[in-house]
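Remarks on the structure that follows.
The values are calculated or read from the model by the stated rules, or taken from the named source; none is laboratory data. Quantities reported herein were computed from a predicted structural model and do not represent experimental measurements. Glycine gets a Cβ as well: all are built from the backbone with ideal geometry, and neighbour counts include every protein chain shown. Remember, those area values only see protein heavy atoms, side chains included, never the ligands or the DNA or RNA. Shrake-Rupley method; radii C 1.70, N 1.55, O 1.52, S 1.80 Å.
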Amino acid sequence: MHILYHIHRYPIPSFILNEICVLEEAGHDVSMFVLNKGAGHYEHDEMDSIDAEYYFADSSDYRSFPDILSTKVLNPRTLPNLQFIDDPRVHAWLLHQAKQCIDFVLELDAEVDIIHGHFPTKAKLSAIIAADYLGIPCTLTAHDLSLINDMGETWLTRVLSAADSIAAISECTKSDIRDLGVQTPIDVVHMGVRPEKFRPSDITN
């Protein structure tokens, strides 16, 4: 399977890096579409050990206008997700990011089977739009929803409802999603660790 990770920031958090490492060890191909470079987490040495190809998205400005009018992002499959919620500039940014994501996937040597991302933020709607055009599923891992409570319930519900399936990190998170009225299939998948990364210290109490 070839999985495209739709990632908000680079360097990427360790728990996403752990997932990518394990997926590659299991024989899967991974690529990464990154929205923001240089504003993320601590860069781990393990980044050098993964084979994932990645693309850093360009920022949006007036020159992005032709991209948002592309039939890749404005077509019958994507229009249901494009009803305006707030500032049109937000939606224009989402369309520009989706167009870049689509172009990146189409330029890869191997076909992508699924797009996956962590946290159901507004930005993940660009991943869903890209997946709709490409005809592949888009899945999300949902962490504690309070971590993104600045979105508001309307946006949160839109993104979660548009995904093909959701991996909730706990029963509590699954319950919170259902309380929003979201009917998307949900599986509880607890976040794991890679035990081989940890070594006992020589310090004793």
What are the aspartates and glutamates whose alpha-carbon lies under 13 Å from the alpha-carbon of Lys99, with same-chain residues fewer than 8 places away excluded?
Asp58, Asp67, Glu107, Asp132
Residue among Ala163, Ala110, Ala127 with the largest mean-square fluctuation in a Gaussian network model of the chain, springs linking Cα atoms under 10 Å:
Ala110
What helices does the chain hold that run 18 Å or longer along their axis, going by alpha-carbon atoms, with a Kyte-Doolittle average of -0.5 or more, using DSSP H for the helix calls?
88-107
Take the cross-link list Lys37/Lys72; Lys37/Lys122; Lys72/Lys174 and give me the ones stretching past 29 Å between alpha-carbons.
Lys72/Lys174
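Counting Lys and Arg as +1 and Asp and Glu as -1, each charge on the Cβ, what is the dipole of the stretch 56-126 about the Cα centre in debye, to the nearest 20? Walk me through the numbers before you get to the answer.
Details: 7 positive and 10 negative charges, 64 e Å.
Approximately 300 debye in magnitude.
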First obtain the Kirkwood hydrodynamic radius of the stretch 71-205 from its Cα pairs, then insert it into the Stokes-Einstein equation at 10 °C and 1.306 mPa s, and state the resulting D in µm² per second as a whole number.
97 µm²/s
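Relative to the compact globular guide of 2.2 N^0.38 Å, what is the alpha carbon radius of gyration of the stretch 5-155, as a ratio? Numbers along the way, then the final one.
On the way: Rg = 15.3 Å, N = 151, 2.2 N^0.38 = 14.8 Å.
That ratio works out to 1.03.
Over the stretch 73-130, what number does the Rg to Rh ratio reach, with both radii from the alpha-carbon atoms and Rh per Kirkwood?
Numbers: Rg = 11.8 Å, Rh = 12.1 Å.
Here the Rg-to-Rh quotient is 0.97.
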What percent of all Cα-Cα pairs in the stretch 103-160 falls into each 5 Å bin, going from 0 up to the bin containing the maximum distance?
4, 19, 28, 21, 13, 9, 6, 2
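Given DSSP loops and a limit of at most 14 other Cβ atoms within 10 Å, what is the longest stretch of the chain that contains no such GluC sites (Glu not before Pro)? If you can, show how the numbers build up before the last one.
Working: sites that count: Glu43, Glu111.
Here the longest segment lacking exposed loop sites spans 112-205.
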Considering only protein heavy atoms and a probe of 1.4 Å, how much of the accessible area of the chain is carbon and sulfur, as a whole percent?
52 percent
